[in-house]
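This report concerns only the one structure given below.
Every number in this text was worked out from the coordinates using simple rules, so none of it is lab data. Quick caveat: nothing in here was measured; it's all calculated off a predicted structure. Positions of Cβ are generated from backbone atoms using ideal geometry, with glycine treated the same way; all protein chains shown enter the neighbour counts.
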Amino acid sequence: MSGWETLTGSAIAMPEANIDTDQLIPARFMSQPRSAGYGDFLLHDVRKAQAQHSLDRYAPKVLVAGRNFGSGSSREAAVYALVDYGIRAVFAPSFGDIFAGNAVNNGLLTAQIDDDVAALLFAKMADAETDARVDLAIGRATISGHDIGFDLDPVRRQKLINGWDDIDLTAQYADQIRTFRGARLATHPWAMPTT
Amino acid sequence: MSTALTLMDKLWDAHEVLCRADGTSLLWVDRHLVHEGSHHAFAKIKGRNMTLAAPELTFGVVDHYAPTREGDVAPDIRRMIKTLGDNARDAGIRLFDLHDPEQGIVHVIGPEQGLTLPGLLINCGDSHTSTHGAFGALAFGVGATEVAHILATQTVWQKRPKTMQITFDGALGAGVTAKDMALHWISALGAGGAQGYAVEYAGQAVRALSMEGRMTLCNLSIEGGARMGMIAPDDVTFAYLNGRPFAPSGAAWEGAVAIWRQFHSDVDAAFDRRVILDASTIAPTVTWGTSPENALPISGHVPHGDESKDIRATLDYMGLVAGTALDSIAIDQVFIGSCTNGRIEDLRMAAKVLKGRRAVVPGLVSPGSAMVKKQAEDEGLAQIFVQAGLEWAGAGCSMCVGMNGDLVEPGKRCASSTNRNFKGRQGRGARTHLMSPAMVAAAAVKGHLTDVRPLLQGRI
């Protein structure tokens with residue numbers, strides 16, 4: 001996976017709260033191989049139910065969304081759908097925990113913004129496409145002319161910029177894992193399955 | 001004392017291989033449960049020429065795509081099940097395959113087999129892994145990349161969550177269940193209310209729950225945003241686990257129980273947040289919208305959405321009019337099952353309502369496992385469902401998520417014992433109302449949402 005440090009593109013707003021991963025990718029698409037791309041599955045049924053959904057009118061790289069974005073099912077396919085569509089960053093007041101973890105493993109930034117910032121952006125952006133620029137190194141974005149700071153812990157920043165996932169990062173700790181495993185087996189025999 | 005610890009902290013510390021400077025811990029995984037949806041993860045480790053770090057701690061289950069009815073199986077479903085079988089064989093892991101007498105939903109059979117034990121760290125690529133916390137385990141759902149990481153290293157990176165204690169004082173009323181407790185707290189705190197927290201459930205009403213009830217409560221933690229929910233183990237826990245196939249036995253059992261008794265929050269332990277609720281005031285609860293936070297007592301009314309575009313959109317999707325009495329909402333069908341409410345106690349409760357009565361709408365009952373199915377048949381519950389006019393199906397995730405083809409048709413309204421009323425969850429355009437299995441059974445009898453309590457009079 002390739003990393004990224006800055007992006008310039010467009011943003012759209014999706015102010016609804018609780019856009020869950022079942023909506024982001026309906027379950028029936030999840031038996032499809034990833035190779036053909038998951039972009040068309042992104043919010044598939046929401047887009048079909050609505051003429052001229054902004055995801056069909058524009059090609060944004062950035063979403064500004066309502067609270068609790070990506071809640072629900074742990075399906076990483078929800079992130080694949082966003083990424084394969086072309087989304088690289090989602091700004092929202094809160095995110096499903098599992099979704100946020102999946103996102104960073106696939107080059108998708110989930111940036112938390114205050115409710116009032118979100119409300120301001122929703123009002124300004126409405127249904128239109130707007131300019132966006134995101135800089136991971138300094139943790140700042142400009143969306144629709146608003147300068148927005150966001151927190152990004154150093155490891156997540158490093159992963160996004162370098163396109164690393166956790167398996168890459170864990171290799172250096174192999175000895176510590178081996179030692180821990182030996183000790184756990186020795187001191188917690190009940191923790192092993194018996195048959 | 002300042003060294004007083006919460007249950008979460010005790011379990012976390014016991015599994016921490018290391019903690020990085022940024023505060024993220026690398027944790028040892030005692031049990032890793034995989035299912036058909038784990039194919040992305042197996043492909044990832046194959047792509048890197050890696051093998052499983054601990055196949056003896058990894059268990060495979062066919063559940064999400066498991067056909068629950070006789071007849072032809074669609075090719076893509078067959079392929080998903082075969083892929084898991086191939087991956088399990090290549091990796092050398094125990095697979096609970098479709099026709100295994102111990103097959104079932106991963107969060108039902110883990111405990112049933114004694115794979116789930118107090119003090120373990122349990123991961124699965126499924127958000128309802130929080131279920132296993134009912135045994136005093138540290139259990140949480142992960143995504144496909146994390147599944148691949150666990151397959152490759154038997155460890156997982158995780159930031160230590162904040163801790164929240166939710167105490168249910170008092171006793172539940174008759175006909176009120178763990179499902180109602182869960183919907184009650186989620187509606188009070190919101191679907192994101194426990195984001196970033198591990199929830200520990202405590203209090204008289206929690207202690208009084210069976211293991212089945214505790215699993216229901218912990219299962220739904222994720223619907224309130226908490227990746228993990230847990231309950232300190234006690235004699236109820238140990239009685240459930242004693243004699244399970246993968247649990248310790250003999251002298252090892254006694255030793256294990258002595259250790260497990262230490263797995264509780266210390267009296268003075270500090271939680272980041274404490275919530276206290278009164279169980280005696282909880283009524284049978286149903287959802288009216290498309291988030292589990294949209295839950296109200298059955299005596300309530302569909303809320304007005306004058307001020308909220310979100311509520312208007314929700315009512316539009318649900319085909320509901322603001323102000324409607326919840327117990328007047330007519331349904332098209334019912335579903336009883338899922339990792340939330342597909343266990344034997346759930347089926348017993350629904351059968352109490354349905355015995356000698358007829359459902360006026362069609363419905364599907366899918367037991368949580370093949371063993372639950374057999375037990376329900378032995379106890380005569382299956383016969384009660386069939387005589388009531390409901391369909392008695394095989395075990396699997398079934399109509400909770402519809403991956404196996406058990407779907408609610410567009411625009412149809414389903415009273416469901418499941419965990420998510422999300423748009424399209426049970427099928428494109430499906431309208432889901434979440435409630436306890438007893439409430440589902442009552443809705444089946446009446447044809448509309450209704451308070452189960454009058455129908456249970458003289459029966460519990």
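Would you please classify the overall shape of the protein assembly as shown from the alpha carbon gyration tensor, given that a ≥ b ≥ c denote the square roots of the eigenvalues, rounded means a/c under 1.5, and beyond that prolate means a/b larger than b/c while oblate covers the rest? Display every interim value, and only then the final one.
Numbers: a/c = 1.42, a/b = 1.08, b/c = 1.31.
Because its axes are fairly even, with a/c under 1.5, the protein assembly as shown counts as rounded.
Classify the range A:98-193 as rounded, prolate or oblate, taking a ≥ b ≥ c as the square roots of the eigenvalues of its Cα gyration tensor: rounded when a/c is under 1.5, otherwise prolate if a/b is larger than b/c and oblate if not. Intermediate values should be presented prior to the final figure.
Working: a/c = 3.94, a/b = 2.68, b/c = 1.47.
Because a/c hits 1.5 or more and a/b exceeds b/c, the range A:98-193 counts as prolate.
For a Förster distance of 25 Å, can you work out the FRET efficiency between the beta-carbons of B:Ile259 and B:Arg20, rounded to the nearest 0.05? List each step's numbers first, then the result.
Values: r = 29 Å, r/R0 = 1.15.
FRET efficiency, B:Ile259 to B:Arg20: 0.30.
Between the range B:164-195 and the range A:121-195, how far is it from one alpha carbon centroid to the other, in angstrom?
31
Averaged over A:174-186, how many beta carbons belonging to a partner chain fall within 10 Å of each residue's beta carbon?
Numbers: counts 2, 0, 4, 8, 2, 1, 9, 7, 0, 2, 6, 0, 0.
Averaged over the peptide's residues, the number is 3.
Nearest 5 is fine: what % of DSSP beta bridges in the protein assembly as shown come out antiparallel, could you say? Intermediate values should be presented prior to the final figure.
Working: 28 of 80 bridges.
Given both bridge residues lie in the protein assembly as shown, the antiparallel proportion sits at roughly 35 percent.
Using the Kirkwood formula over every pair of different C-alpha atoms, what hydrodynamic radius in Å results for chain B?
Numbers: mean 1/r = 0.0450 Å⁻¹.
Final number for the Kirkwood radius of chain B is 22.2 Å.
State whether the range A:87-134 is rounded, prolate or oblate according to the following rule on the C-alpha gyration tensor (a ≥ b ≥ c being the square roots of its eigenvalues): a/c under 1.5 gives rounded; otherwise a/b larger than b/c gives prolate, and the remaining case gives oblate.
Details: a/c = 2.79, a/b = 1.58, b/c = 1.77.
Oblate.
Quick one: if the Förster radius is 51 Å, what FRET efficiency do B:Glu377 and B:Lys162 give, using the C-beta to C-beta distance and rounding to 0.05?
The value I calculate is 0.70.
Could you list log10 I(q)/I(0) for the range B:351-460 at q = 0.16 Å⁻¹, which the Debye formula gives when each Cα is one point scatterer?
Log10 I(q)/I(0), no solvent term: -0.71.
Using a 10 Å cut-off on Cβ to Cβ distances, tally the other chain neighbours for every residue of A:89-99 and report the average as a whole number. Numbers along the way, then the final one.
Details: counts 0, 0, 0, 0, 1, 6, 3, 7, 16, 11, 2.
Mean inter-chain Cβ contacts per residue within 10 Å come to 4.
Ranked highest first by the average count of other Cβ atoms within 10 Å around their residues, in what order do B:413-420, B:96-103, A:179-186 fall? Don't skip to the answer; put the middle values down first.
On the way: B:413-420: 28.1, B:96-103: 16.6, A:179-186: 13.4.
Most protected by this proxy first, the peptides run B:413-420, B:96-103, A:179-186.
Against the globular-protein guess of 2.2 N^0.38 Å, express the Cα radius of gyration of the range B:7-78 as a ratio, rounded to two decimals.
Details: Rg = 17.5 Å, N = 72, 2.2 N^0.38 = 11.2 Å.
Working it through for the range B:7-78, the quotient is 1.57.
Could you tell me how far the Cα centroid of the range B:33-96 sits from the Cα centroid of the range B:252-331, in Å?
33
Say each of A:Phe122 and B:Ala252 gets a label point 7 Å from the Cα, pointing the same way as Cα to Cβ; how far apart are those two points in nm?
Result: 5.5 nm between the two label points.
Positive end of the charge dipole of chain A (Lys, Arg +1 and Asp, Glu -1 on Cβ, about the Cα centre): tell me which of A:His146, A:Phe29, A:Trp4 has its Cα farthest that way.
Projecting each Cα onto the dipole axis, the largest value belongs to A:Phe29.
Within 10 Å of each Cβ of B:188-201, how many other protein chain Cβ atoms are there on average?
Numbers: counts 0, 0, 5, 9, 11, 1, 1, 8, 3, 1, 0, 0, 0, 0.
Average per residue, whole number: 3.
Based on Cβ point charges of +1 for Lys and Arg and -1 for Asp and Glu, what charge dipole magnitude is obtained for the protein assembly as shown about its Cα centre, in debye rounded to the nearest 20? Let's see the in-between values first.
Working: 61 positive and 71 negative charges, 161 e Å.
Magnitude of the dipole: close to 780 debye.
Give the span of the range A:1-149's Cα atoms along each principal axis, as three whole-Å numbers ordered largest to smallest.
40, 34, 24
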